[in-house]
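Engineer: After the structure tokens below, expect a handful of questions from me.
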Amino acid sequence: MTRHDTLPPVNTLTAGPDWNWCNRFHALGAEFHTELPPQPLPAPHWVAHSDSCAELLGLPADWQTRADLNALAVFSGNALWPGMRPLASVYSGHQFGVWAGQLGDGRALSLGEIDTPSGPQELQLKGAGMTPYSRMGDGRAVLRSSIREFLCSEAMHGLGIPTTRALCITGSPMPVLREALETAAVVTRVAPSFIRFGHFEHFAQQRDTDTLRRLADFVIEHHYPDCRDKPQPYVALLSAVAQRTAELMAQWQAVGFCHGVMNTDNMSILGLTLDYGPFGFLDGHDPDHICNHTDRQGRYAYASQPNVGFWNLHALAQGLMPLIGHDNGDAALEVLEAYKQIYANAMRRRLRLKCGLATARKEDASLIELLMKQMAHEQTDHTILFRRLSTFSTAAGADNRLVMGLFHDSAFRERWSSAYTERLCAESSDDGQRAAAMNRVNPSVVLRNHLAESAIRQAQAGDFSEVQRLLKVLENPFDEKHDTSADADFPPDWAQHIEVSCSS
Ligand code: AMP
Ligand code: MG
């Protein structure tokens, strides 16, 4: 590892917040990580912060400005609070379907875990400098990608989708070279654990079964305690992770979220959305949409995500096989098979709710499929269609042009409107009640690329107010007050030309 900075080494401050550091992952053992301090970031400044994440951590209201805490120094990697045990963890993984060998936290640094009323939370700096796992990278993150990760983490939380959280971004004038010269930033991420499928693959590949078992037992003890007393705890663990992954995939599909880099090293063992890179939300409903400019084959296209989740679970199962034992291979396969049905059920349920159907009926599948097919055919805006669907009225002669006018095909409009009306009337659906329920599951605003892009451009010019404003909007994406705002509108023409790649 080479570190080129000439800044002074990081020192530990005399006081930090009133936190109890439990540092469970650190205590797991040296096989799992390398201890090292962050690499200092020159001339840091605040970019953005999440009050809601600060509240989760029990930080005092004035945490950013209190001189005794010096939070700016801590969250830019220039100082540590007492109790922090910074480390970079080692993992491996499959990238784009190919075994990539050892990866690890190449630019993320765990600061440790604290006890909170909602359980332990790990704090991690992303972009805090080189680690033994940096490979060819510089250990840094740029302001652009840090804003995207920060906003999307909190946006997903606002949508009720399991995700790592983000506390703050700090920035620096330090130049960082990507396709162009940009500036450095550090995002502080928060999650109960950042353990990935790739952690298991790593020790399985190394044929280090003892360490692999320690990892699995750690995850069971702290995150899946119900598995402990099952006849086959490691099969039960695989089953629980498959279940959470299936639910997560259904949530992504329902909201039109594309992750972009579903490599096994980016798959959370807790079923959280993890590692925001070239992600995107659908504008027009295009099943083949590829949000990652680098993914030329479309391996991680929108419609492929549930299958990739399934593929990734097989990689996890491979990683767990030394513990499960080949005699129990069939049990592992059964658990994996179950994923398909769990996903299908979860997706069906979410689509029913998105369409405001309170009960499940035989004819729902074809009604919903008809809608989705037309959306795909016409590339109807995913978010706006579902949001406006709540305005649909079953009253005789009702004017449903606000939503049905989103489709050009008049034959479809008539056919589907009458089928939908009939279906709603069959369960005596009340227009007002249904609209309220639908507006709790169909967001008005998602982090479309052009919204992030506007905030990024302003931030790059030194004005961070749009990042903070957008955060507030995304924290409450179902709020009806956004319905008439520009944030909820169709993307502007220039949005088509935004290209997002792995470069971050
Ligand atoms: P990703 O697919 O972006 O999650 O990253 C894949 C691997 O590359 C992980 O091990 C990252 O830690 C590492 N990585 C990505 N960008 C950098 C960077 N700028 N410096 C060092 N490591 C990086
Ligand atoms: Mg990653």
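Engineer: Would you confirm, using the coordinates I've provided, whether R387 is farther than 19 Å from S428 by Cβ, modelled with pLDDT of 95 or more and in the same structural domain as P287 (by TED's automatic domain parsing)?
Structural biologist: Taking the combined requirement at face value, the residue does not satisfy it.
Engineer: Could you tell me whether the range 113-126 includes any residue that is small (G, A, S) and within 13 Å of ligand 2 (Cβ to nearest atom)?
Structural biologist: The answer is no, given that none of the residues of the range 113-126 is small (G, A, S) and within 13 Å of ligand 2 (Cβ to nearest atom).
Engineer: Considering every residue within the range 10-25, establish whether at least one is within 16 Å of M84 (Cα to Cα) and part of a helix (DSSP H, G or I).
Structural biologist: Yes, some residue in the range 10-25 is within 16 Å of M84 (Cα to Cα) and part of a helix (DSSP H, G or I).
Engineer: Could you tell me whether any residue of the range 302-313 is within 16 Å of ligand 1 (Cβ to nearest atom), of a type in the set (S, T, Y) and farther than 21 Å from R196 by Cα?
Structural biologist: No, the range 302-313 contains no residue that is within 16 Å of ligand 1 (Cβ to nearest atom), of a type in the set (S, T, Y) and farther than 21 Å from R196 by Cα.
Engineer: Something else about it: Taking the range 228-247, which residues are open to solvent by 10 Å² or more (accessible area, probe 1.4 Å) and of a type in the set (A, V, I, L, M, F, W, C)?
Structural biologist: V235, A236, A240
Engineer: Oh, and also: Looking at this structure, is S444 touching a Ser or Thr at 6+ places or on another chain (Cβ under 9 Å), over 16 Å from R388 (Cβ atoms) and part of a loop (DSSP other than H, G, I, E, B)?
Structural biologist: No: the conditions fail for S444.
Engineer: While we're looking at this one, here's another question. Among the strands (runs of 3 or more DSSP E) lying completely within the range 27-122, list those that include at least 2 residues that are in the same structural domain as R148 (by TED's automatic domain parsing) and either within 16 Å of ligand 1 (Cβ to nearest atom) or acidic (D, E) (or both).
Structural biologist: Those strands (runs of 3 or more DSSP E) span 33-35, 87-89, 92-95, 98-102, 108-114.
Engineer: Taking the options G129, G104, name whichever one is at positive phi, within 16 Å of ligand 2 (Cβ to nearest atom) and surrounded by 22 or more Cβ atoms within 10 Å (Cβ to Cβ).
Structural biologist: G104
Engineer: Would it be correct to say that E221 is in a helix (DSSP H, G or I), open to solvent by 20 Å² or more (accessible area, probe 1.4 Å) and closer than 30 Å to T380 by Cβ?
Structural biologist: Against the criterion (in a helix (DSSP H, G or I), open to solvent by 20 Å² or more (accessible area, probe 1.4 Å) and closer than 30 Å to T380 by Cβ), E221 does not qualify.
Engineer: Another question, then. Please state which one of E427, E378 is open to solvent by 10 Å² or more (accessible area, probe 1.4 Å), among the acidic types (D, E) and touching a His at 6+ places or on another chain (Cβ under 8 Å).
Structural biologist: None of the others qualify; the one that does is E378.
Engineer: A further question follows. When you look at S172, is it in a helix (DSSP H, G or I) and touching a residue at least 40 places away in the same chain (Cβ under 8 Å), yes or no?
Structural biologist: Against the criterion (in a helix (DSSP H, G or I) and touching a residue at least 40 places away in the same chain (Cβ under 8 Å)), S172 does not qualify.
Engineer: Let me ask something else about it. So L385 fits all but one of (1) closer than 21 Å to W252 by Cα; (2) loosely packed, with under 13 Cβ neighbours inside 10 Å; what number is the exception?
Structural biologist: Only one criterion in (1) closer than 21 Å to W252 by Cα; (2) loosely packed, with under 13 Cβ neighbours inside 10 Å is unmet by L385, namely (2).
Engineer: Quick one: in the range 132-164, which of the residues that are acidic (D, E) and touching a residue at least 40 places away in the same chain (Cβ under 8 Å) is nearest to ligand 2 (Cβ to nearest atom)?
Structural biologist: Filtering the range 132-164 for residues that are acidic (D, E) and touching a residue at least 40 places away in the same chain (Cβ under 8 Å), the one nearest to ligand 2 (Cβ to nearest atom) comes out as E149.
Engineer: If you don't mind, there's one more thing I want to ask. Among the numbered conditions (1) within 16 Å of ligand 2 (Cβ to nearest atom); (2) free of Cβ contacts under 8 Å to residues at least 60 places away in the same chain; (3) more than 11 Å from the chain's Cα centre (by Cα), tell me where C291 comes up short.
Structural biologist: Looking at each condition in turn, C291 falls short on (2).
Engineer: Just checking, how many residues over the range 383-414 are in contact (Cβ under 8 Å) with a residue 24 or more places away in the chain and of a type outside the set (S, T, Y)?
Structural biologist: Adding up the residues that qualify gives 12.
Engineer: Restricting attention to the range 461-484, which residues are more than 28 Å from A185 (Cα to Cα) and free of Cβ contacts under 8 Å to residues at least 40 places away in the same chain?
Structural biologist: Of everything in the range 461-484, those that are more than 28 Å from A185 (Cα to Cα) and free of Cβ contacts under 8 Å to residues at least 40 places away in the same chain turn out to be F478, D479, K481, H482, T484.
The values are calculated or read from the model by the stated rules, or taken from the named source; none is laboratory data. Just so it is clear, the structure is predicted and the values come from calculations on it, not from any experiment. Using ideal geometry, Cβ is built from the backbone for each residue, glycine included, and neighbour counts are taken over all protein chains shown. The accessibility values were calculated without ligands, DNA or RNA, using every heavy atom of the protein model including side chains. Shrake-Rupley method; radii C 1.70, N 1.55, O 1.52, S 1.80 Å.
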